[in-house]
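Down below is the structure, laid out as structure tokens.
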Amino acid sequence: MAKGIRVLSSKTVYDGRVVRLRIDRVIEPGNVEATREVVCHRGSVVVLPLLDDGRVLLVRQFRYATGKSLWELVAGGIEQGEATRAAALRELLEETGYRAGSLDRLFSFYPSPGFLSERMVLFQARGLVRSKACPESDERIRLGRFRRAQLRSMLRSGKIEDGKTLVGVLWLLSSKGAGR
């Protein structure tokens, strides 16, 4: 917790498999007294998989909360005690059936810091080698391979709506170090 924050009271109102919901009464920096609803999450990884020909792998899956299928970068939660690198490699294999020859940590970000504690760590995977996908039992995943021009078009037309995917794709398209 940052300096200048005092927690007056804290109550967990839900404790689930993926998230915990806490209601805190706090005094924040600047002597602001407030009630904050916090969704606590262990954190997750996001993987930007680059094929040798420069195409990017995206997965398409149904997201109940949105009521539709979305194109997304590979992503998933970090399990208790799991390192972020191990989580990224696991998710890449589970969702795409590819193993990475190299995996570089790019940066981390908060997808919705107004109420969510989740921190996402973005990795870039290269040297991909085909293996066997092993999605979780409740996942139905379709794999797509996209050139950068296609990704630009998808951005302009609103076909990429997922926040973590917007972050990763925009980084890729604006980064000189990303190659091709």
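Values in this text are rule-based calculations from the coordinates and carry no lab data. Bear in mind the structure is a predicted one, so any value in this text is a computation, not a measurement.
Run the reach check for Lys159 against aspartates and glutamates, Cα to Cα strictly under 19 Å, same-chain hits fewer than 8 apart removed. What comes back?
Within the straight-line limit of under 19 Å, Lys159 reaches these aspartates and glutamates: Glu72.
So what are the ³J(HN,Hα) numbers for the stretch 53-67, from phi and the Karplus equation (6.51, -1.76, 1.60; θ = phi - 60°), rounded to whole Hz, Gly and Pro as x?
Each residue's phi maps through the Karplus curve to give 8, x, 6, 10, 8, 10, 10, 10, 8, 6, 10, 3, 4, 9, x Hz.
How many angstrom lie between the C-alpha centres of the stretch 105-180 and the stretch 50-104?
Cα centroid to Cα centroid, the span is 8 Å.
Hey, what did the chain get for relative contact order, percent, Cα under 8 Å, at least 6 apart?
22 percent
Mean Kyte-Doolittle of at least -1.0 plus a Cα span of 15 Å or more along the axis: flag which DSSP H helices in the chain meet both, please.
Helices passing the filter in the chain: 84-96, 163-174.
Given H placed 1.01 Å from N in the peptide plane, which residues other than close sequence neighbours of Ser69 have an amide H under 5 Å from its amide H?
Distant-sequence amide H within range of Ser69: Arg63.
HN-Hα J couplings of the stretch 44-50 from phi, Karplus 6.51/-1.76/1.60, θ = phi - 60°, integer Hz, Gly and Pro as x?
8, 10, 10, 10, 9, x, 10
Which aspartates and glutamates have a Cα less than 13 Å from the Cα of Lys132, not counting those fewer than 8 places away in the same chain?
Glu91, Glu94, Glu95
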